[in-house]
Number of protein chains: 2
Amino acid sequence: MADVVESTARPTLAPLLSVRQGKKAVDFYKAAFGATVLSYVESPDGEVVAEMRIGASSLWVADESPENKNFSPESLDGSTARMVLVVDDPDAAFNRALGAGATIVYEVADQRYGWRVGRLADPFGHHWEIGKPLS
Amino acid sequence: MADVVESTARPTLAPLLSVRQGKKAVDFYKAAFGATVLSYVESPDGEVVAEMRIGASSLWVADESPENKNFSPESLDGSTARMVLVVDDPDAAFNRALGAGATIVYEVADQRYGWRVGRLADPFGHHWEIGKPLS
């Protein structure tokens, strides 16, 4: 039963990524990381707020609103948080995301700090470190 | 046993917050949100990388390194991801964080989208939405 609880309960903490083109971002995270959509609200002007699930974790995606201090990486020319994605097969997950349109920051490799990790940038400017502990 | 699994397994996804003054940030997240430290690495120049746990979720905290595209909100004058913290008592959690040094963006209140939520800024420029679904 533990699997059921973990896959349905809302985690304590979830990042909310501000993006331009929220609709496209939701589609990208589905294709790149196998994310599923838990809730999806679209305003009349086409802006979205979506709650997504990756594994047992949640991820929110929303169109930016600089007037509310919600900035996309495109607006700030950089990002202030990166996403650490822990998977059984970092190489396969990394390549899947590349195939969906991500770009390489550095390739997957064994790192001196004991993880096998690669880093990529998604088309909306957020960065992902995809890896797993080596031991 | 489900509780044990959830509290010890590493979640699929965890945000990594770039900050100035990483040491102080780790202390703040402990005091403000009851986070615990799972791992802590300090370099000779005093920069830290810490993996923290809040509830069953993980949060990484690290000193910024703009040369590696890891920017603090202070460097970009804004943040590109906010943290959604789901708790049983948003008012109490919000006030605890204020007591630790956070500042109010908006007070905890019932929102039209069906959550009771307040938003605050931590001393390092990251924003937190603390709340729970109303139903």
Residue count, region B:31-57, condition facing chain A (nearest Cβ under 8 Å) and either among the small types (Gly, Ala, Ser) or touching a Leu at 6+ places or on another chain (Cβ under 8 Å) (or both), comes to 4
Inside region B:81-135, the number of residues satisfying the requirement of being in contact with a Leu (Cβ under 9 Å, 6 or more places away or on another chain) and farther than 19 Å from B:Ser57 by Cα is 14
Looking across region A:9-30 at residues that are assigned to a loop (DSSP other than H, G, I, E, B) and within 13 Å of another protein chain (Cβ to nearest Cβ), the single one that is nearest to B:Arg53 (Cα to Cα) is A:Thr12
Per the filter on region A:112-128, residues within 12 Å of another protein chain (Cβ to nearest Cβ) and more than 13 Å from the chain's Cα centre (by Cα) are A:Arg112, A:Tyr113, A:Gly114, A:Trp115, A:Val117
Residue within region A:34-52 that is within 13 Å of the chain's Cα centre (by Cα) and not in a strand (DSSP E or B) present | yes
Within region B:20-72, restricting to residues that are of a type in the set (S, T, N, Q) and over 18 Å from A:Pro15 (Cβ atoms), the one that is surrounded by the most Cβ atoms within 10 Å (Cβ to Cβ) is B:Gln21
Review point. What about B:Gly131, is it within 12 Å of chain A (Cβ to nearest Cβ), in a loop (DSSP other than H, G, I, E, B) and not acidic (Asp, Glu)?
Key: no
Kindly check whether there is at least one residue in region A:79-93 that is buried (at least 20 other Cβ atoms within 10 Å of the Cβ), farther than 14 Å from A:Pro15 by Cα and at the interface with another protein chain (Cβ under 9 Å from one of its Cβ atoms).
-> yes
Listed by first then second residue, the pairs whose first member lies in region B:66-81 and is touching a residue at least 60 places away in the same chain (Cβ under 8 Å), whose partner is aromatic (Phe, Trp, Tyr) and buried (at least 17 other Cβ atoms within 10 Å of the Cβ), with beta carbons under 6 Å and at least 6 positions apart or on separate chains, are none
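Every read-out reported here was derived from the displayed coordinates using simple, explicitly stated rules and does not represent laboratory data. If you're wondering where the values come from, they're calculated on a predicted model, not measured in any experiment. Here Cβ is always computed from backbone atoms with ideal geometry, including for glycine, and neighbour counts include all displayed protein chains.
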